[in-house]
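Colleague: My questions all concern the structure below.
The values are calculated or read from the model by the stated rules, or taken from the named source; none is laboratory data. Source: prediction; values computed, not measured. Positions of Cβ are backbone-derived with ideal geometry, glycine not excepted, and every protein chain shown enters the neighbour counts.
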Amino acid sequence: MRTERAVEPPERVAAGTDDYGAGDNGEPLQVAALPYRSHARGRDILLVTSRRSGRWILPKGWPHHGASLSQSAAREAYEEAGICGTIWQHEIGRFTTTKVTLDGAADFPVAVYPLKVEVELADWPEHEERQRQWFALADASEIIAPDQRDIVEAFYGSGVWTGY
């Protein structure tokens, strides 16, 4: 499994240079980080609250100009959760999320990249807009947004992540 070290906060991209990723069929694609850690009592994932509804979700957003999809996922984790670490370069799966747009509601695929958390910052770009919290898998499965539940459970059930 290839990983990319991203311990330092990603460099900021000038305002207005973000662009939409493209999915398999050219449709808009978002990216998400699946932040995880291991400790003596087990394994946890980190979730953040969404700005609009306050639901617990994975850090996610649109890919950034000049960055790979995995780098963009790491940047979203930094901006939304104040975390840095080692991001996997290959997605582990996708889920579909519904976003409210000017034209109404639209569904978008989200590519998910695991992030082994190595640094938690006390201050980060969206700290006043979101909460972050570590959850054991059983607890996270109960509260995470339903559209993200299956991919989190599949990741933890695979056992493949334990060495990273």
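Colleague: Among the listed residues Pro59, Pro109, Pro63, which satisfies the condition of being out of contact with any Phe, Trp or Tyr (no Cβ under 8 Å at 6 or more places or on another chain), at pLDDT 90 or above and surrounded by 12 or more Cβ atoms within 10 Å (Cβ to Cβ)? Steps first, please.
Modeller: Values: Pro109 fails: out of contact with any Phe, Trp or Tyr (no Cβ under 8 Å at 6 or more places or on another chain); Pro63 fails: out of contact with any Phe, Trp or Tyr (no Cβ under 8 Å at 6 or more places or on another chain).
After ruling out the rest, the residue left standing is Pro59.
Colleague: How many residues, within the range 100-121, are of a type in the set (Ser, Thr, Tyr) and under 15 Å from the mean Cα position of the chain (by Cα)?
Modeller: Keep residues of the range 100-121 that are of a type in the set (Ser, Thr, Tyr), which gives 101, 113.
Going one step further and asking which of them are under 15 Å from the mean Cα position of the chain (by Cα), we end up with 113.
Going through the range 100-121 one residue at a time, the tally reaches 1.
Colleague: Then there is this: Taking the range 107-133 on its own, how many of its residues are closer than 20 Å to Ser53 by Cα and free of Cβ contacts under 8 Å to residues at least 40 places away in the same chain?
Modeller: Going residue by residue through the range 107-133, those that are closer than 20 Å to Ser53 by Cα are 107-110, 125-133.
After this cut, where a residue has to be free of Cβ contacts under 8 Å to residues at least 40 places away in the same chain as well, the list is 107, 128.
Total satisfying the criteria: 2.
Colleague: Test Gly82 against the criterion of being at positive phi and at pLDDT 95 or above, and give yes or no. Reasoning before the result, please.
Modeller: Numbers: at positive phi: yes; at pLDDT 95 or above: yes.
Yes, satisfied.
Colleague: Next question, about the same structure. Yes or no: Ala33 touching a helix residue (DSSP H, G or I) at 6+ places or on another chain (Cβ under 9 Å), closer than 23 Å to Asp139 by Cα and surrounded by 20 or more Cβ atoms within 10 Å (Cβ to Cβ)?
Modeller: It is true that Ala33 is touching a helix residue (DSSP H, G or I) at 6+ places or on another chain (Cβ under 9 Å), closer than 23 Å to Asp139 by Cα and surrounded by 20 or more Cβ atoms within 10 Å (Cβ to Cβ).
Colleague: Scan the range 91-143 for residues that are among the polar types (S, T, N, Q) and part of a helix (DSSP H, G or I) and jot them down. Working first, answer last.
Modeller: Filtering the range 91-143 down to residues among the polar types (S, T, N, Q) leaves 96-98, 101, 131, 133, 141.
Passing the criteria: only Ser141.
Colleague: I've got another one for you. Working carefully through the options Leu102, Leu137, find the one that is farther than 15 Å from Leu58 by Cβ and either of a type outside the set (Phe, Trp, Tyr) or modelled with pLDDT under 95 (or both).
Modeller: Answer to the check: Leu102.
Colleague: Only one of (1) of a type in the set (Ser, Thr, Tyr); (2) surrounded by 13 or more Cβ atoms within 10 Å (Cβ to Cβ); (3) within 15 Å of Leu29 (Cβ to Cβ) is not met by Thr98, so which one is it?
Modeller: (2)
Colleague: A follow-up question, please. Can you tell which of Val48, Val13 is at pLDDT 95 or above and on the phi < 0 side of the Ramachandran plot? Show your work before the answer.
Modeller: Working: Val13 fails: at pLDDT 95 or above.
Going through Val48, Val13 in turn, the sole match is Val48.
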